[in-house]
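Step one of this worksheet: look at the structure below.
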Amino acid sequence: MSEVVISVRDNGPLMVKGGAIVEDGEGKRWEVKETTFLCRCGQSAKKPFCDATHRGCGWESAPRVE
Ligand code: FES
């Protein structure tokens, strides 16, 4: 079984590595075969995916697992 890793990028998206399914609120699904980035800042025009808008909007977040 392959491992799925979700990395919280400082001041950026969630990086999803490994085989996973992203499902929206209507049940529409996208298969993640390698790596994808999910928006955390809420500003992406391609939600739920990151389009790098976070880099220019001044949004900051760098949470750590306690
Ligand atoms: S985290 Fe990249 S556009 Fe939102």
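The values are calculated or read from the model by the stated rules, or taken from the named source; none is laboratory data. Model, not experiment: these values are computed from the prediction. Methodologically, a virtual Cβ is constructed for each residue, glycine included, from the backbone with ideal geometry; neighbour enumeration extends over all protein chains shown. Ligands, DNA and RNA are excluded from the accessible area calculation, which covers all protein heavy atoms including side chains. Shrake-Rupley method; radii C 1.70, N 1.55, O 1.52, S 1.80 Å.
Neighbours of T53 by Cβ distance under 12 Å: Lys/Arg scored +1, Asp/Glu scored -1, total +3.
Between C50 and residues 5 or more places away or on another chain, which pairs have amide H atoms under 5 Å apart, with H built 1.01 Å from N, and which residues are they? Hits under the 5 Å cutoff: F37, L38, C39.
Computed from point charges on the beta carbon alone (+1 for Lys and Arg, -1 for Asp and Glu), the dipole magnitude for the stretch 5-56 about its Cα centre is near 120 Debye. Only protein atoms count toward the accessible area here, which uses a 1.4 Å probe; on the stretch 5-56, the carbon and sulfur part of that area reaches 46 percent. Restricting the chymotrypsin sites (Phe, Trp or Tyr not before Pro) of the stretch 23-66 to loop positions (DSSP other than H, G, I, E, B) with no more than 15 neighbouring Cβ atoms within 10 Å leaves W59.
Between the beta carbons of S2 and W30, assuming R0 = 22 Å, the FRET efficiency works out to 0.80 to the nearest 0.05. Computed over every Cα-Cα pair of the chain and binned at 10 Å starting from 0, the pair-distance distribution P(r) comes out as 21, 48, 29, 2 percent. Put simply, the amide H of N11, placed in the peptide plane, has neighbours under 5 Å in S61, A62, leaving out anything fewer than 5 places away on its chain.
Residue farthest toward the positive end of the dipole of the chain, with Cβ of Lys/Arg at +1 and Asp/Glu at -1: which of T53, V5, V32? Looking along the dipole axis, the top candidate is T53.
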